[in-house]
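> What follows is a single structure, and I will ask about it in a moment.
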């Protein structure tokens, strides 16, 4: 699986959009981009995933660049409950499991 | 979304005892489940892959005789930490794979915090 690079930490004001970047320059054609988050002392929570088209669900939007070497997770209106560590993971069709990097610690500030 | 449940959510035990943690997929069948371990302020580390009806596959450096995994049904996998010691104290998390779009989705349990005295 391709390696990902994320900033260690970010702050976001409550009510504003949180934009979390992820670089995955070595991603291959059959690898998907997954985003999970982990709130303190809980298991990871699935957010969204995509291959090459932008995706949106009730939690977030995922914007993948045309060359697929990077992506951005967007939380449109961050709340205090969105404070968590966000993991960007790339995973191929043949891969069963997920390998977690260090993620981005997002702190939503009142 | 799909629900994966772990039990117990926390456990305290004496050194030398064994502890069993259960992982259940509540609304889907999972032929494959995964066990992770997470130490404080660190990321999740995959320990083993649990396959229904067959032996688990362990990651390098994980002792299979210490961390016994049983996946007897399509909705239940168990992790038993045998002869636990204080260094085994950690947050143990399971995940289950639900077949679906693309590579299928992985859903995680709430985690089980083990403290060995």
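Throughout, read-outs are computed from the coordinates displayed, never taken from laboratory work. Values in this document were obtained by computation on a predicted structure and should not be read as measured data. Note: ideal-geometry Cβ built from the backbone for every residue, glycine included; neighbour counts use all protein chains shown.
> In the Gaussian network model of chain A, springs joining C-alpha atoms below 10 Å, which of A:78, A:13, A:60 carries the largest mean-square fluctuation?
Ranking A:78, A:13, A:60 by mean-square fluctuation puts A:13 first.
> Got a sec? How would B:63, A:14, B:105 order by Cβ neighbour count within 10 Å, fewest to most?
Least crowded to most crowded, the residues run B:63, A:14, B:105.
> If I model a spin label at residue A:107 and residue A:72 as a point 7 Å from the Cα along the Cα→Cβ vector, what separation in nanometres do I get?
Once both label points are built, they end up 2.3 nm from each other.
> Starting from the Cα of residue B:72, step 7 Å toward the Cβ, then list every residue of the range B:7-24 with an amide N under 18 Å from that point.
The answer is B:7-8, B:18-24, whose backbone nitrogens lie closer than 18 Å to the label point.
> Same structure, new question: Could you check the simple spin-label distance between residue B:55 and residue B:85, using points 7 Å along Cα→Cβ, in nm with one decimal?
Once both label points are built, they end up 2.4 nm from each other.
> Tell me the label-point distance for the pair residue A:10, residue B:12, using the 7 Å Cα-to-Cβ offset, in nm and rounded to one decimal.
3.9
> If you take each beta carbon of peptide A:35-48 and count the beta carbons of other chains within 10 angstrom, what is the mean?
4
> Need the C-alpha centroid separation for the range A:35-97 versus the range B:27-47, integer Å.
Here the answer is 18 Å between Cα centres.
> What share of Cα pairs, in percent, lie more than 16 angstrom apart in chain A?
Roughly 55 percent, once rounded to a whole number.
> Starting from 0 in steps of 5 Å, tell me what percent of the Cα-Cα pairs of the range B:24-117 lands in each bin.
Distribution as computed: 3, 14, 24, 25, 19, 10, 4, 1, 0 percent.
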